[in-house]
1. State the percentage of accessible surface on the range 104-228 attributable to carbon and sulfur atoms; use a 1.4 Å probe and exclude ligands, DNA and RNA.
2. Please compare each pair in Lys49/Lys188; Lys155/Lys231; Lys49/Lys210; Lys31/Lys155; Lys57/Lys188; Lys57/Lys231 to a cut-off of 32 Å on the Cα-Cα distance and tell me which ones are over it.
3. Enter the accessible area per residue of the chain (Å², integer; probe 1.4 Å; all protein chains in place).
4. Restricting attention to the range 112-211, which trypsin sites (Lys or Arg not before Pro) occupy a DSSP loop and are surrounded by at most 11 other Cβ atoms within 10 Å?
5. Tell me, what does the Kirkwood hydrodynamic radius of the range 22-62 come to in angstroms if you use every pair of distinct C-alpha atoms?
6. So if we plug the beta-carbon distance of Thr81 and Ala50 into 1/(1 + (r/R0)^6) with R0 = 25 Å, what FRET efficiency do we get, rounded to 0.05?
7. Viscosity 0.890 mPa s, temperature 25 °C: give me the Stokes-Einstein translational D for the chain in µm²/s, with Rh taken as the Kirkwood radius over C-alpha pairs.
8. For the chain, which span is the longest to avoid every loop-located (per DSSP) member of chymotrypsin sites (Phe, Trp or Tyr not before Pro) having at most 14 other Cβ atoms inside 10 Å?
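The values are calculated or read from the model by the stated rules, or taken from the named source; none is laboratory data. For clarity, every value in this text was computed on a predicted model and none was experimentally measured. Neighbour counts are summed over all protein chains in view; Cβ atoms, including those assigned to glycine, are modelled from backbone coordinates with ideal geometry. Accessible surface areas use protein heavy atoms only, side chains included; no ligands, DNA or RNA. Shrake-Rupley method; radii C 1.70, N 1.55, O 1.52, S 1.80 Å.
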Amino acid sequence: MTPAELHFHYTEAIRTMPPFEYSETFTHLTKEQVAWQARTLAYLELQGKALDVHSFKSAIARSAMPASRVGAGLEFYQILTTAVTRAEIEMPAGARGAFVPVGDQFDALRSITELVQGANHDLFVVDPYADASFLLRFAQAARPGVHIRILRDAKYQEIGRQLQIAKDAWVGQYGNEHPLEVRSAPSKTLHDRFIAQDSASVFLVSQSLKDLAVRSPATIQKADAGIALEKLEAYEEMWQNSPPM
């Protein structure tokens, strides 16, 4: 399994990690907890880091007792965070994304800003929940002349109104210096969140940009060429068929 694949599975393991909570009375682990432990251990074994595997197994054993369950959960998280970092280091530079722990909103800001800066002529943002915060926090990092396109979901009318106000102000101030278009896809038709640079590189984002890493860890993962092409074809067609704001 490649470092990029392991990076994806480790970040998914962190995202889906069930709570391991203290209890004054004896309780068995739930089926969800046991299944998560088994699945995650299998990926650690694939990477072949004996110390990680040993530590994870030790934490599994401790998690069987309610009194030590919280500590075991913290060790699970620490092992996986280290594994994510290791996998990212081993990935080719062009394939690296980012893992953003919960609460690290500055790291989230930095990671998205770097993606915005990486576009040379076209920046395509797909986010059902896109609101004014993208323009306020990220868009000014774009190079002059880069065409910024935002595709949102028409279902979310209130945040859409806020985005409309920000969009009109942006266009009034920047015009062709920072060209901007926003379109609203039909209600409930957007199922992805990504940023595409120059109709080529696609970076998948695990959460809406307005809430990135606020309540749970977030991942930013570069899609491989095949997936990138599929998504760009599908969403470019949706863009063409969606009305402008």
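1. 50
2. Those over the limit are Lys49/Lys188; Lys49/Lys210; Lys31/Lys155; Lys57/Lys188; Lys57/Lys231.
3. Accessible area per residue: 50 Å².
4. Answer by residue number: Lys188.
5. 11.2
6. Efficiency at R0 = 25 Å is approximately 0.85.
7. Rounded to a whole number, D works out at 125 µm²/s.
8. 27-245
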